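Trainee: Dumping the structure here so I can ask a few things about it.
No lab work stands behind these numbers, since they all come straight from the coordinates. Source: prediction; values computed, not measured. We place every Cβ from the backbone using ideal geometry, glycine too, and count neighbours over all the protein chains shown.
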Amino acid sequence: MKRWSQRLILIALLWFGSLVAKVAAQDDDPIRQALIDHVASSEIFVDWLSNYPDYHVNAYGPDENGVWYIEFLNVAQDEWLGYANIDADNNEILDSFAPKPLPQDIYQQQLPLVTEYVLADPEVLARLEQKPNLWDNYTDYNRWETVWDLAFYRGIEGIVVKVGFDENENPYIIKIVDPNQLTEDEALDNARNEAINLAYSADGIWDYLGGYDDWTTYAEPQGATRWSVTFVVYDKELFFALVDIQEQRVLAAEPGR
């Protein structure tokens with residue numbers, strides 16, 4: 001308990017309500033496996049997962065409404081491939097997302113439209129002081145946000161224009177952001193979430209989380225880019241990991257005490 005209390009922080013992240021332990025893609029529970037198969041064969045995932053042979057699956061549920069959370073990762077479990085919430089009573093997929101890139105033909109079609117549209121926008125030009133040629137720029141499709149990002153940089157200055165396409169395939173500006181304006185709280189939250197996600201990749205973690213359903217995750221900065229991450233259920237520590245979010249490495253991991 002002493003070790004646990006030393007790691008305790010103010011913000012605790014509860015992992016998807018009341019859930020069961022992680023399961024692999026091949027499951028001995030036929031109902032659970034049927035739900036996984038249904039999601040994997042759905043329109044959003046069937047082609048996407050074909051790019052990742054022997055993909056890994058985590059399935060949690062059901063919650064109090066009979067809903068399961070199913071997520072996919074690559075075989076090394078270091079790349080997140082998407083998730084779906086599915087109602088076990090009727091196999092309805094309630095929500096889903098996969099960070100898929102645009103098809104190459106659509107990418108090539110939209111790319112010049114994005115650039116042309118943004119460089120003609122009065123607000124963008126004003127921010128670039130009417131001299132866009134003096135700024136380095138980079139354009140790419142942001143598959144995590146499903147928008148186009150057109151970024152301009154000059155020294156430490158920068159703006160990012162986020163562009164979408166309407167139902168008529170016409171571009172429009174969603175928002176213009178300063179990539180340097182991240183609040184201290186936002187930066188801390190981002191780092192904390194990154195540390196927790198990295199801790200989930202620790203070797204053997206599921207051997208200790210398996211069989212528990214209400215664990216809470218605590219993350220505490222340990223200086224520089226290192227974080228300690230502790231998985232706790234009630235007053236019992238299940239697992240501990242020390243991670244470095246800059247190096248994207250799990251530095252140490254051990255079962256709870």
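Trainee: Put one equal scatterer on each alpha carbon of segment 104-177, apply the Debye formula with no solvent term, and list log10 I(q)/I(0) at q = 0.13, 0.15, 0.28 1/Å to two decimals.
Mentor: The calculated log intensity ratios at q = 0.13, 0.15, 0.28 Å⁻¹ are -0.35, -0.47, -1.46.
Trainee: Along the charge dipole of the chain, Cβ charges K/R +1 and D/E -1, which of Pro30, Phe45, Gln246 sits furthest on the positive end?
Mentor: Gln246
Trainee: Given the options Glu237, Glu43, Glu194, which has the most mean-square fluctuation in a GNM of the chain, springs set between C-alpha atoms less than 10 angstrom apart?
Mentor: Of Glu237, Glu43, Glu194, the most mobile in the Gaussian network model is Glu43.
Trainee: Additional query: Quote the relative contact order of the chain in percent (integer), defining contacts as alpha-carbon pairs under 8 Å separated by 6+ residues.
Mentor: 16
Trainee: Hey, another quick one. Work out the count of Lys pairs in the chain where the Cα-Cα distance is under 22 Å, with the pair 8 or more places apart or on different chains.
Mentor: Taking the chain as the scope, the lysine pair count is 7.
Trainee: Projecting each Cα onto the charge dipole of segment 55-112 (Lys/Arg +1, Asp/Glu -1 at the beta carbon, about the Cα centre), which of Ile70, Leu111, Leu94 comes out farthest on the positive side?
Mentor: The residue sitting most towards the positive pole is Leu111.
Trainee: Quote the FRET efficiency, to the nearest 0.05, computed for Glu64 versus Asp185 with a Förster distance R0 of 22 Å and r equal to the Cβ-Cβ distance.
Mentor: 0.10
Trainee: Modelling each spin label as a point 7 Å along the Cα-to-Cβ direction, I'd like the Ser41/Trp80 distance in nm, to one decimal.
Mentor: So the label points at Ser41 and Trp80 sit 2.8 nm apart.
Trainee: If I stretch the segment between Asp235 and Arg257 completely, what's the gain in nm (0.36 nm per residue apart, minus their alpha carbon distance), one decimal?
Mentor: Residue separation times 0.36 nm, minus the Cα-Cα distance, leaves 6.8 nm.
Trainee: Then there is this: For Glu169 and Asp207, compute 0.36 nm times the residue count separating them, minus their Cα-Cα distance, and round to one decimal in nm.
Mentor: This chain segment gains 8.9 nm when fully extended.
Trainee: Which whole-number percent of Cα pairs in segment 67-129 have a distance greater than 17 Å?
Mentor: The answer is 66 percent, as a whole percent.
Trainee: Roughly how many whole Å is it from the C-alpha centroid of segment 30-87 to that of segment 105-147?
Mentor: Their Cα centres are 34 Å away from one another.
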